[in-house]
Amino acid sequence: MRASLNDEHVSGAEEIVVDDEIDDTVSSMTARAMNHPRETPDSVEISIEEIEQKPERSDTVDVVTVETSSLKESHATARSILQEHISKEATERGFEILRSETTMRGAAVVDSETGERLEPDESRGVRTSYVGTTDEGKEGLEECIHDAGLGGTRVKDAVVLSTKTQWVEGTVGEICWSDNPGYKPGYVAVDATYFRFPRMKPDGSSGGRVYFVSPDTDLNSYIDSLETTPFLVDGVSDFYSIKPKELDKYV
Ligand code: AMP
C-alpha cells in the first residue's frame, strides 16, 4: 500500500499473506491508509503480487524496552548502544538525518565508519520490503506486545521490519523514530537486538529511519536483499524491559 497527498509520501505498508487472506488484508490496508494520523491521502495505491521464491524465515530480534525517563536520557543511551558498533561520526550523522525536516519513504543508508550517506536516491531511501509474519509469528508477537503493555500495530510492524533488516548481511545498526508527530517512541537495533525507548522523538522533528552498514558492504546486493528477498517472521525471541543502568549487562 502506498498513500500520498499532493504527490508527497504519507504512508506505506505491506504484508505477505496466503490467498484467502487477500480480501481482508486489502480492506485493512485501505483503512490504515485513510486513517493516517498525520494526513489524509488523496491517492492510495494497493498492489497484489504473487511471490514465487520461498521466503526466508527467522524468529524476531530480541526486543528490549529501556525504561528511560526523558528524551535526553533516551538519546544518550541510544548513542552509547550504537557506538559499541558504529563510529561517533556515523552515529551523529544518523541523528542529524532523523532531526532534519525531510520526510523519506524509506531509510537512509550510512557507512558505519565514515558516516557517509550511501543510498542512490536520498528522497526515496531504501525500503525493507517483502516482509511478513507466519500465523505463529504474528500471534506470538501480538501476545508479547500485549503482555508488555505496548499496544497497537506500530511496535509489531517495526519489530518485523527490523528483524529482516538485521538479518540482511551488511547491516550493523539502525535508528528510527516515527514521522507521526504524536508518536514519541523510537528504537535503535544492533546485533539482532532491538532497544526500544518510550520517548525518542524530539518535538517538531520529521522522523525517519537510518541503516548503518559495514564499510565493505556491496551496496547493490545489500539494497537488493532488503527490497526483494521474501522474509517471514515465524517466532518470537526474548522480550523484556530493563533500566538504563542495567545496560552494561546487555551490550
Ligand atoms: P514509521 O515508523 O512508519 O512512522 O516510519 C518512520 C520512517 O521510517 C518513515 O518516515 C520512513 O522514512 C521509514 N520507513 C517506513 N517504512 C519503511 C520500510 N519499509 N523500510 C525502510 N524504511 C521505512
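The values are calculated or read from the model by the stated rules, or taken from the named source; none is laboratory data. Predicted model only: the values in this text are computed from it and were never measured. Note that each Cβ is placed from the backbone with ideal geometry, even for glycine, and that neighbours are counted across all protein chains shown.
Select from segment 202-241 the residues that are within 28 Å of GLU96 (Cβ to Cβ) and modelled with pLDDT under 95 and list them in ascending order.
PRO202, ASP203, GLY204, SER205, SER206, GLY207, GLY208
Out of the residues in segment 106-126 that are β-branched (Val, Ile, Thr) and within 11 Å of the ligand (Cβ to nearest atom), state the one that is farthest from ASP7 (Cα to Cα).
Restricting to residues being β-branched (Val, Ile, Thr) and within 11 Å of the ligand (Cβ to nearest atom), the top hit is VAL109.
Could you count how many residues in segment 193-225 are basic (Lys, Arg) and surrounded by fewer than 21 Cβ atoms within 10 Å (Cβ to Cβ)? Explain how you work it out, then say what you get.
As a first pass, look at segment 193-225 and keep what is basic (Lys, Arg): 196, 199, 201, 209.
With the extra rule that they be surrounded by fewer than 21 Cβ atoms within 10 Å (Cβ to Cβ), the set shrinks to 199.
Within segment 193-225, residues that are basic (Lys, Arg) and surrounded by fewer than 21 Cβ atoms within 10 Å (Cβ to Cβ) number 1.
The numbered conditions (1) closer than 16 Å to GLY132 by Cα; (2) without any contact (Cβ under 8 Å) to a residue 60 or more places away in the chain; (3) part of a strand (DSSP E or B) are all true for MET29 except (3). Of the residues in segment 125-137, at least one is under 29 Å from SER87 (Cα atoms) and among the hydroxyl-bearing types (Ser, Thr, Tyr). Scanning segment 107-124 finds no residues that are under 27 Å from GLY235 (Cβ atoms) and more than 13 Å from the chain's Cα centre (by Cα). Being assigned to a helix (DSSP H, G or I), more than 16 Å from the ligand (Cβ to nearest atom) and of a type in the set (D, E, K, R) is a property that GLU96 lacks.
So that you can scan it fast, the table gives a plain yes or no per residue for (1) at pLDDT below 95; (2) farther than 18 Å from HIS85 by Cβ:
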residue: SER112; (1), (2): no, no
residue: GLY115; (1), (2): no, no
residue: GLU119; (1), (2): no, yes
residue: GLU122; (1), (2): yes, yes
residue: LYS156; (1), (2): yes, yes
residue: VAL159; (1), (2): no, yes
residue: GLU174; (1), (2): no, no
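The single condition from (1) within 15 Å of the ligand (Cβ to nearest atom); (2) without any contact (Cβ under 8 Å) to a residue 12 or more places away in the chain that THR103 fails is (2). Residues in segment 124-151 that are surrounded by fewer than 16 Cβ atoms within 10 Å (Cβ to Cβ) and at positive phi were compared, and the one that is modelled with the lowest pLDDT is GLY151.
Restricting segment 1-28 to residues that are aliphatic (A, V, I, L, M), within 21 Å of the chain's Cα centre (by Cα) and within 21 Å of GLU136 (Cα to Cα) leaves a set whose member that is farthest from the ligand (Cβ to nearest atom) is VAL17.
Mind listing just one residue for me: the one in segment 154-184 that is among the polar types (S, T, N, Q), within 11 Å of the ligand (Cβ to nearest atom) and in contact (Cβ under 8 Å) with a residue 40 or more places away in the chain and, of those, surrounded by the fewest Cβ atoms within 10 Å (Cβ to Cβ)? Among them, the one singled out is ASN180.
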